[in-house]
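Here is the structure we will look at.
Here, each number is a calculation from the coordinates, and none is a lab measurement. Since this is a predicted model, take the numbers as computed values, not measurements. Neighbour counts are summed over all protein chains in view; Cβ atoms, including those assigned to glycine, are modelled from backbone coordinates with ideal geometry.
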Amino acid sequence: MLFKNKNLLLLHFIVFIWGWSPILGKLINIEGIAAYQLVWYRMFITIITIAIYLYAIKEKIKLPKKDILQLVGIGAIIAFHWFCFYNAINVSNVSVTLVAFATGTLFTSLVEPIFYKRKIIRYEIFFGMIIIGAIAIIFKVETQYTLGIIFGMLAALTSSFFTVFNGLLVRRISSSVIAIYELTGGFIVFTFYLLLTGEFNQAFFDVQPMGIFWISVLSIIGTAFPFIASVNLMKQISPYTVTLTVNLETIYGIIIAYILWQKDEAMTPGFYLGTFIILSVIFGNGILKKYIKGSSIN
């Protein structure tokens, strides 16, 4: 029980760090850095950080070709996820992005049963429909942020996929090895995409020192450590529980963003109503799961 509580405590600490991720994303955007630049630099710096860590602990990273291809594919999903997440912040704001991202619980409740070969739980679908209704309320009152909501939900969908996939892979592959292959694979795929779209130019590499500083903070403190630690936790905690807990990022992020940028982050009453409904359903779902599990044991 103590070991489990330590795992949950570490997960909550990781989520608190992630709560600063959209804040850093907005600070980086203020420095004039686009979402695709942020993702590329973030992956590059994070890969270097994890490579140094692997060298220091003398971790063997050799894997079968099949596993490497799977990890590269997941890495591409992660790159797209980060692009959607930070682009959502760029076209809307932190609050809208985080609320849309909270729909990840719904997506995971649908994706996890498929890959973990368990039945879909009916009340999860019911809760999911309530979340969709709450998102519809936000869409109606915050029409100027429609694109941000769409990108935020795409970030949530892709997050549910790589969370579930990593939950399966970490059973037989070290979390740090998963991290280096996924991020390197995602970096290569994303680099090819930028080459094909002609995004690599002089302006792409013309980044101000403060921009590099904030990206480095995001990459080293906000990505390398949490990425390895969160994947490793999936040995003990289910992807659904991880996704459920990650929704605290929404609360942390909205509070921090409002303190820093009250004018930009202040929203309509309809937005906060929708947010309240979404978070109530998410945490109510967690309480219900715990009650059902406790009743079945008794």
(request) For the chain, restrict the atom set to alpha-carbon positions and state the Rg and Dmax in Å. (result) 18.9, 65
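With each run of n ≥ 4 DSSP H residues scored as -39500 (n - 2.57), what mean residue ellipticity at 222 nm is computed for the chain after dividing by its residue count and rounding to the nearest 500 deg cm²/dmol? Present the calculation step by step, with values, prior to reporting the outcome.
Working: 15 runs with 239 residues, N = 298.
Mean residue ellipticity at 222 nm (helix-derived): -26500 deg cm²/dmol.
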(request) Would you kindly calculate the mean projected area, averaged across all directions, of the convex hull enclosing the Cα atoms of the range 194-255, in square nanometres? (result) 6.8
(message) What are the equivalent ellipsoid semi-axes of the range 34-171, built from the alpha-carbon gyration tensor (square roots of five times its eigenvalues), in whole angstrom, biggest first?
(response) 31, 22, 10
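What Kirkwood radius, in Å to one decimal, follows from the Cα pairs of the range 1-90? Show your work: numbers first, answer last.
On the way: mean 1/r = 0.0641 Å⁻¹.
After inverting the pairwise mean of 1/r, the radius is 15.6 Å.
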(message) Run the numbers for residue 171 and residue 52: contour at 0.36 nm per residue of separation, minus the present Cα-Cα distance, in nm.
(response) 40.5 nm
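Do any chymotrypsin sites (Phe, Trp or Tyr not before Pro) in the range 192-230 lie in a loop, going by DSSP, with at most 11 other beta-carbon atoms within 10 Å of their beta carbon, and if so which?
Values: sites: 192, 193, 200, 204, 205, 213, 214, 227; in loops: 200, 204, 205.
Sites meeting the loop and neighbour criteria: 205.
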(request) Enumerate the calculated ³J(HN,Hα) couplings along the range 118-133 in order (Karplus 6.51 cos²θ - 1.76 cosθ + 1.60, θ = phi - 60°), each rounded to whole Hz, writing x wherever the residue is Gly or Pro. (result) 10, 6, 6, 7, 4, 5, 5, 5, 4, 4, x, 5, 5, 4, 4, x
(request) Mind scanning 6/65; 58/235; 62/117; 62/119; 117/235; 66/235 and naming the pairs with a C-alpha gap bigger than 24 Å? (result) 6/65; 62/117; 62/119
(message) Please check: in the Gaussian network model of the chain (C-alpha springs, under 10 Å), which one of 197, 103, 49 has the largest mean-square fluctuation.
(response) 197
(request) Report the percentage of all Cα-Cα pairs in the range 42-118 whose separation exceeds 16 Å, rounded to a whole percent. (result) 71
(message) Using a Förster radius of 25 Å, what is the FRET efficiency between residue 221 and residue 256 based on their Cβ-Cβ separation? Nearest 0.05, please.
(response) 0.95
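Between residue 123 and residue 68, take the C-beta separation as r, use R0 = 45 Å, and let me know the FRET efficiency to the nearest 0.05. Present the calculation step by step, with values, prior to reporting the outcome.
Numbers: r = 39 Å, r/R0 = 0.87.
Taking R0 as 45 Å, the efficiency between residue 123 and residue 68 is 0.70.
Over the alpha-carbon set of the range 139-179, divide Rg by the Kirkwood Rh and report the Rg/Rh ratio to two decimals.
Working: Rg = 15.7 Å, Rh = 12.2 Å.
Ratio of gyration radius to Kirkwood radius: 1.29.
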